[in-house]
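> Here it is, the structure, as structure tokens.
Read-outs throughout are calculated quantities, based only on the coordinates presented, and are distinct from any laboratory measurement. Bear in mind that the values here come from a model prediction, so they are computed numbers and not experimental data. Counting neighbours? That spans all protein chains shown, and the Cβs are built from the backbone with ideal geometry, glycine included.
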Amino acid sequence: MGEQITAWILDAYPGERGMVLWLIDGQGRRLRLTHPVSLRCYADGPPRVRRQVEAVLQRCRAPVTLRTTSRVDFFSGRERPVIELTTSPAHFPSMVRLVANIPGIELFNVDIPLEQLYFYESGLFPLARCAIEHEQGTVQAIALEDSPWDLSYHLPPLTMIHLRLEGDPIIAPHGRRSFLEATIEGQTIVLDGDGPVDLLESLRSLFTRYDPDIILTEWGDSFLIPRLERLSRMTGIPLPFNRERTTLARRGYSFYTYGRWVYRAGAQLFRGRLHVDTVNSFLMGESGLEGLVEVARLAKIPVQRLARTTTGTAITSMQLDTAVRQGILIPWRKRQAEEFKSALELLRTDKGGLVYLPPIGVYEDVFELDFASMYPMIMARFNISPETLGCACCPDHRVPEIGYSVCRRRKGLIPQVLAPLIEKRLAYKHLMRQTPGEERIVYEHRQNALKWCLVTCFGYLGYRNARFGRIEAHEAVTAYSRELLLRAKELAESRGFRLLHAIVDSLWIHKAGSCPEEVEALVQEITEATGIPILLEGRYRWIAFIPSRIRRRLGVPNRFVGVFEDGTVKVRGIELRRSDLPPIVREAQQRMVEVLASASTLHELQERLPEVVAVVETFLARLRDGDVTLRDLVIQQVLSKPPESYTHETLLAIAARQLARRGVRLHPGEAVQYVITDFRSRIPEERAKPWALLQDGWSYDVQKYSELVLEAAKTLLSPFGVLAGFPHPDP
């Protein structure tokens, strides 16, 4: 009988004899075990194809088991006979390549990452606590002592090291040179030896002493790890990053999503340790390591891979997991095309969310109401899923306005995935209200990570390449959202409230002299009428709706400044929220907002306007006097194409080309940081300089930065009709 232990799964990947598991027990002991398992996929086709599958696999050197079984077709919900192909993880890819070349074959469950397929079929997941029996490095038996749906789960004792370059957070691959800084157990060490040998030896010494399980880096994927690898090859000193011998490097890529380009740097993945580049991870940036681990457990994606993917990939993995557990066939290539629609049908169905433009001005007695997770709630409550639409058995259950039928008898895959996610997020929010201290922050990070998964699920429902996406389902959700928002508006107006603004799932309503009890009664009535919880976000002391930059008499969605009764400030759509403006502009507008936020009434607000003008004058004087740091002036913008493809001499293009000439490779979606040096110069390269290339004696364009500060001031004061009387920058 082998040794029995309780341990957590740190990492998993395919090996020669099965899945390799790196485990950590309660005492921090690390173990490498092999779990001898097989993985399955499915094939279908005419009898000729089935015979060819058998003939091809007989010539295959890998041990492959074939048997006839039945699985569920996703859209019809009926079982169909298929061939089940089973082999070891090491031989799975080659087996798929062999049968994929057979003409007329239909394959299922073949293009899922092997680690995920292993987790789906075994029921295990990253950082799960398990009871394990093992002998001579091989798992004899493994059983879960944990659930991904637990709210208060415990993690193993993990040791972390944080590697970054010393100094300001400049984009490292763009030319920054600095010392390597390592932080571990609260101690920060600067590795500033005399050369590469000293640096690598110091790094090896740290890893030998602490043996970290998680390596956090800044710019690790795109700069730090590749640079250290080059130094290692140059000096012959091996790096300590892997507990195995191999580092898996993946190339970076650009993609377009939600109206913008995003660049994902190439991944540097380690074996036996987890590497997370905090700059290259959306989830890590939004919800910290706690949120990243939470989603990894639910999505069954290894932590360091999840760190470099989108929340859409996570929600898709949850859908794949549900499909595998229910025996639903997952097609290799999506074949579901959008149904034909006439022009009139397109106008009726493809409307998106409902928006009411706000009236420009400043208002008191305004309440903000928000539907809680509206789109996911709609999918879960009304059973919206690709396979439930167009149902012939439930013709009387129709989507408002667009008339699609929705099945009531068959629970959709998407609602099955979303309902427990929504419930778990609400449970975390409840725990947050009851729990003080650091534990509350953990719950906050976890619920925030789930929020981003729920936000993404709607977009993927209409995404053309999504495994379980269908545009008609996307249209059904927005149709329900329009209906629910209209119903909420009508109920508010029936109680004497005026609708000032509405956007998709939020309403701003106004009624002079209204009391909180009256609004709470309205909230309860809307929730009962719609079946979707609506929450009172708060009551504003005052709120200012800001006009369009182009059409000054027209309000725009989601562009306002407001102060709640408890003093909390909420801003949307102004310079303070923009990442493509220099810090000094955001700081100036923040100071202006703080002055306005001290006002409790509209009368007090008017009295604060001269103070706002004084703040503007202060920042203009700082710019004139040179009382700024280089960091205050840096503008960061994202490339939408390669630098050489820009036809206009924008400041971004000018800075990007200078970097490119220095040998820096830039990709669409990658950020470029620069300073405006002489905006009106006839020589393009004198107009802006990349931050990474600025030398001593740098200068900046006082007038251009002053204009940016003035624009930020005009944005804030435009609802008050105060656009004149500002100081002007010197010509």
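> Could you tell me whether region 160-325 comes out rounded, prolate or oblate from its Cα gyration tensor? Rule is a ≥ b ≥ c as square roots of the eigenvalues, rounded for a/c under 1.5, then prolate if a/b exceeds b/c, otherwise oblate.
Prolate, since a/c reaches 1.5 and a/b exceeds b/c.
> Could you order the peptides 619-629, 552-562 from most to least packed, using the average number of other C-beta atoms within 10 Å per residue?
Numbers: 619-629: 15.4, 552-562: 17.5.
With the highest mean Cβ count within 10 Å placed first, the list reads 552-562, 619-629.
> Please give the peptides 645-654, 501-510 ranked by average Cβ packing (other Cβ atoms within 10 Å per residue), highest first, as a rough proxy for protection.
Details: 645-654: 15.3, 501-510: 21.1.
The most tightly packed comes first, giving 501-510, 645-654.
> Positive end of the charge dipole of the chain (Lys, Arg +1 and Asp, Glu -1 on Cβ, about the Cα centre): tell me which of SER718, PRO169, HIS430 has its Cα farthest that way.
Ranked along the dipole, the leading option is PRO169.
> Amide H neighbours of SER178 under 5 Å, counting only residues 5+ apart in sequence or on other chains, H built in-plane at 1.01 Å?
Hits under the 5 Å cutoff: none.
> Let me ask something else. Per-residue counts of other Cβ atoms within 10 Å, averaged by peptide: what ranking do you get for 593-602, 663-672, highest first? Working shown, then result.
Details: 593-602: 16.1, 663-672: 18.2.
Most protected by this proxy first, the peptides run 663-672, 593-602.
> Hey, if you put +1 on the Cβ of every Lys and Arg and -1 on every Asp and Glu Cβ in region 245-295, which of VAL279, ALA249, LEU289 ends up farthest toward the positive end of that dipole?
ALA249
> Using the 2.2 N^0.38 Å rule of thumb for compact globular proteins, work out how region 174-227 stacks up: its C-alpha Rg over that value, please. Show your work: numbers first, answer last.
Numbers: Rg = 11.5 Å, N = 54, 2.2 N^0.38 = 10.0 Å.
My calculation over the Cα atoms of region 174-227 gives 1.15.
> Sorted from largest to smallest, which semi-axis lengths in Å does the alpha carbon gyration tensor of region 355-573 give for its equivalent ellipsoid, taking the root of 5 times each eigenvalue? Could the numbers behind the result be given before it?
Values: eigenvalues 194, 101, 62 Å².
Working through the eigenvalues yields semi-axes of 31, 22, 18 Å.
> Using a/c under 1.5 as the rounded threshold, could you call region 104-152 rounded, prolate or oblate? The axes a ≥ b ≥ c are square roots of the C-alpha gyration tensor eigenvalues, and prolate needs a/b larger than b/c, oblate otherwise. List each step's numbers first, then the result.
Details: a/c = 3.52, a/b = 1.54, b/c = 2.29.
Because a/c hits 1.5 or more and a/b fails to exceed b/c, region 104-152 counts as oblate.
> Rounded to the nearest 5, what is the percent of antiparallel bridges among the DSSP beta bridges in region 160-325?
Working: 17 of 25 bridges.
Taking every DSSP beta bridge within region 160-325, about 70 percent pair in antiparallel fashion.
> Here is a follow-up. For region 355-573, give the magnitude of the charge dipole about the Cα centre (Cβ charges: +1 Lys/Arg, -1 Asp/Glu; no others), in debye to the nearest 20. Before the final figure, lay out each step's value.
On the way: 31 positive and 25 negative charges, 177 e Å.
Result for region 355-573 is approximately 860 debye, rounded to the nearest 20.
> Dividing the alpha-carbon radius of gyration of the chain by 2.2 N^0.38 Å (N being the number of residues), what value is obtained? All intermediate terms of the calculation are to be shown ahead of the outcome.
Numbers: Rg = 29.0 Å, N = 731, 2.2 N^0.38 = 27.0 Å.
The reported ratio for this selection is 1.07.
> Residue by residue, what Karplus-based ³J(HN,Hα) values in Hz, rounded to whole numbers, does region 346-362 have, using 6.51, -1.76 and 1.60 with θ = phi - 60° and x for Gly and Pro?
4, 4, 7, 8, 9, 9, x, x, 8, 9, 10, 5, x, x, 5, x, 10
> Would region 572-644 count as rounded, prolate or oblate if I go by the C-alpha gyration tensor, calling it rounded below 1.5 in a/c and otherwise prolate when a/b exceeds b/c, oblate otherwise? Could you put the intermediate results ahead of the total?
Details: a/c = 3.96, a/b = 1.70, b/c = 2.33.
It is oblate, given that a/c is not under 1.5 and a/b is not larger than b/c.
> Full extension from ALA62 to ASP350: what is 0.36 nm times the residue separation minus their Cα-Cα distance, to one decimal in nm? All intermediate terms of the calculation are to be shown ahead of the outcome.
Numbers: separation 288, 0.36 × 288 = 103.68 nm, distance 5.00 nm.
The span from ALA62 to ASP350 would gain 98.7 nm if fully extended.
> Over the Cα atoms of region 468-542, compute the convex hull volume and normalise it per residue, giving Å³. Could the numbers behind the result be given before it?
Details: hull volume 7.6 nm³, N = 75.
Here the figure is 102 Å³ per residue.
> A further question follows. Around TRP219, which amide H atoms from residues at least 5 apart in sequence, or from another chain, sit under 5 Å from its own amide H, with H modelled in the peptide plane?
THR278, VAL279, ASN280
> How big is the charge dipole of the chain about its Cα centre, in debye rounded to the nearest 20, if each Lys and Arg gets +1 on its Cβ and each Asp and Glu gets -1 on its Cβ?
My answer is approximately 2800 debye.
> Spelling out what I want: for every residue of region 403-416, take phi, set θ = phi - 60°, compute 6.51 cos²θ - 1.76 cosθ + 1.60 (Karplus), and round to whole Hz; glycine and proline get x.
For region 403-416, the Karplus curve yields x, 5, 7, 10, 5, 9, 8, 9, 6, x, 5, 4, x, 4 Hz.
> Using θ = phi - 60° and the Karplus relation 6.51 cos²θ - 1.76 cosθ + 1.60, list the HN-Hα couplings for region 479-495 in order, rounded to whole Hz, with x at every Gly or Pro.
Along region 479-495, the couplings run 5, 4, 5, 5, 5, 5, 5, 5, 5, 5, 4, 5, 5, 5, 5, 5, 9 Hz.
> Moving on. Neighbouring Cβ atoms within 10 Å as the yardstick, rank LEU66, LEU454 fewest first.
Fewest to most other Cβ atoms nearby, the residues stand as LEU66, LEU454.
> Counting other beta carbons within 10 Å of each Cβ, put GLU166, GLU472 in order, fewest first. If you can, show how the numbers build up before the last one.
Values: GLU166 12, GLU472 20.
Arranged by neighbour count, lowest to highest, GLU166, GLU472 become GLU166, GLU472.
> I would also like to ask the following. Would you give the gap between the C-alpha center of region 341-359 and the C-alpha center of region 228-288, rounded to a whole Å?
Taking the Cα centre of each part, region 341-359 and region 228-288 sit 42 Å apart.
> Report the rotationally averaged projected area of region 497-649 based on its alpha-carbon convex hull, in square nanometres.
Numbers: hull surface 54.8 nm².
Average projection, Cα convex hull of region 497-649: 13.7 nm².
> Using the structure shown, list the pairs from LYS641/LYS689; LYS511/LYS714; LYS351/LYS429; LYS429/LYS451; LYS351/LYS451 with a Cα-Cα distance above 21 Å, or answer none.
On the way: LYS641/LYS689 19 Å; LYS511/LYS714 28 Å; LYS351/LYS429 32 Å; LYS429/LYS451 11 Å; LYS351/LYS451 24 Å.
The pairs that break the limit, which is 21 Å between Cα atoms, are LYS511/LYS714; LYS351/LYS429; LYS351/LYS451.
> Okay, moving on. Which net charge results when you count Lys and Arg as +1 and Asp and Glu as -1 among the other residues whose beta-carbon is under 13 Å from that of ASP211?
With Lys, Arg at +1 and Asp, Glu at -1, the net is +4.
> Another question about this same structure. Could you give me D for region 623-668, from Stokes-Einstein at 37 °C and 0.692 mPa s, where the hydrodynamic radius is the Kirkwood radius over C-alpha pairs? Units µm² s⁻¹, please. The partial results should precede the final answer.
Values: Rh = 12.1 Å.
Answer from the Stokes-Einstein relation: 271 µm²/s.
> Please report, in whole Å³, the volume per residue of the convex hull around the C-alpha atoms of region 630-699. Mind dumping the intermediate values first?
Values: hull volume 5.9 nm³, N = 70.
Convex hull volume per residue, Cα atoms: 84 Å³.
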